[in-house]
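Structure first, then comments.
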Amino acid sequence: MRSLPSLRGPRPPPLPLLLLCLLAPVRRSSEDGRTPAAPFTSLPVREEMMAKYSNLSLKSHNISLTEHSNMPVEKNITLERPSNIELTCQFTTSGDLNSVNVTWRKGDELLENNYLINATGSILYTQYMFTIVNSEQMGSYSCFFEEKKEQRGTFNFKVPELHEKKKPLITYVGDSVVLMCKCQGCFPLNWTWYSSNGSVQVPVGVPMNNKYVINGKNANETRLKIMQLSEEDQGSYWCHAIFQLGESEEHIEIVVLSYWVPLKAFLAIAAEVVLLVAIILLCEMYTQKKKKHSDDGKEFEQIEQLKSDDSNGIENNAPRHRKNESVGQ
């Protein structure tokens with residue numbers, strides 16, 4: 001950890017913040033003599049490194065933190081080509097700035113003596129400057145301010161992302177399909193395509209009976225045309241972009257259907273319709289039959305009732321007739 005320089009001896013004369021930047025130290029590997037993954041220059045060769053990479057553009061990024069920040073602050077940075085990088089973190093606190101410890105890390109690796117600190121009022125600044133020239137220097141760089149609790153700001157460096165259609169492409173046997181990947185506002189050095197129907201990726205593009213055609217209208221896009229599709233062509237297709245600082249890829253799913261598939265669905269729907277119509281007709285027939293049976297029953301009851309009424313009428317008339325005869329006598 002590193003505290004504010006004013007705590008150690010006389011205060012040095014103020015320097016402009018932009019000049020308080022040190023490039024990272026160069027360390028030689030003791031095993032093979034090659035430059036390690038993240039070379040940082042030491043102070044004696046700072047001017048040499050500045051001259052070496054003077055043709056690169058300077059990318060400046062900053063993060064602001066306060067003593068009341070509840071969550072780490074992150075900033076995602078897209079980088080396509082080698083650049084000089086200047087990262088600045090500022091920390092605002094109501095406490096004593098001299099009691100705040102400042103550190104920098106690349107991932108979990110502590111970066112020592114290659115950053116500077118300055119203070120203005122109640123704001124503490126720290127700045128780290130380095131050069132990214134290869135993919136191994138990409139990643140996360142974090143500044144830490146430790147007072148009562150630790151506050152962190154993180155810069156995430158990554159190569160550009162590719163954009164493609166997220167939903168699976170559904171097509172049919174014998175058809176042709178065009179897959180496209182695009183990099184918005186960037187220009188990869190090279191494009192490649194792979195196919196996979198499992199865990200193994202197979203390069204695509206070698207002419208095979210005019211099966212595949214790879215082209216693109218612009219340098220920031222690529223198109224893969226697959227002709228005479230078969231069910232074996234179903235699966236994942238990966239577009240792969242190569243940049244100076246790394247690689248990026250995305251995938252597109254293809255579903256190849258036989259023409260029997262929609263026909264089966266149609267037949268299933270037709271069968272359901274026929275079954276439904278049959279059920280409706282049976283219900284109608286049952287209702288009509290039940291109604292007819294009910295009407296027949298009522299008619300029979302009415303006939304029986306009429307017979308009963310007629311019989312009762314005859315029986316009632318007979319005594320009256322006999323009675324009238326006795327009175328006449």
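The values are calculated or read from the model by the stated rules, or taken from the named source; none is laboratory data. This one's a predicted model, so the numbers in the text were calculated from it and none came from an experiment. Glycine also receives a Cβ, built like all others from the backbone with ideal geometry; neighbour counts cover every protein chain displayed. Surface areas here come from the heavy atoms of the whole protein model, side chains and all, with no ligands, DNA or RNA. Shrake-Rupley method; radii C 1.70, N 1.55, O 1.52, S 1.80 Å.
Within the stretch 204-222, the set of residues being assigned to a loop (DSSP other than H, G, I, E, B), open to solvent by less than 70 Å² (accessible area, probe 1.4 Å) and of a type in the set (S, T, N, Q) comprises N220 only. In the set (1) at pLDDT 95 or above; (2) surrounded by 14 or more Cβ atoms within 10 Å (Cβ to Cβ), S69 fails one condition alone, (1). Could you tell me whether the stretch 224-241 includes any residue that is touching a residue at least 60 places away in the same chain (Cβ under 8 Å) and open to solvent by less than 20 Å² (accessible area, probe 1.4 Å)? Yes, the stretch 224-241 contains a residue that is touching a residue at least 60 places away in the same chain (Cβ under 8 Å) and open to solvent by less than 20 Å² (accessible area, probe 1.4 Å).
For the condition more than 33 Å from the chain's Cα centre (by Cα) and either open to solvent by less than 40 Å² (accessible area, probe 1.4 Å) or of a type in the set (V, I, T) (or both), G95 qualifies. From the list V256, V200, V159, the lone residue that is among the aliphatic types (A, V, I, L, M) and closer than 30 Å to V73 by Cα is V159. Any residue that is modelled with pLDDT under 95, of a type in the set (S, T, N, Q) and closer than 27 Å to N76 by Cα - is there at least one of those in the stretch 137-145? Among the residues of the stretch 137-145, at least one is modelled with pLDDT under 95, of a type in the set (S, T, N, Q) and closer than 27 Å to N76 by Cα, which makes the answer yes.
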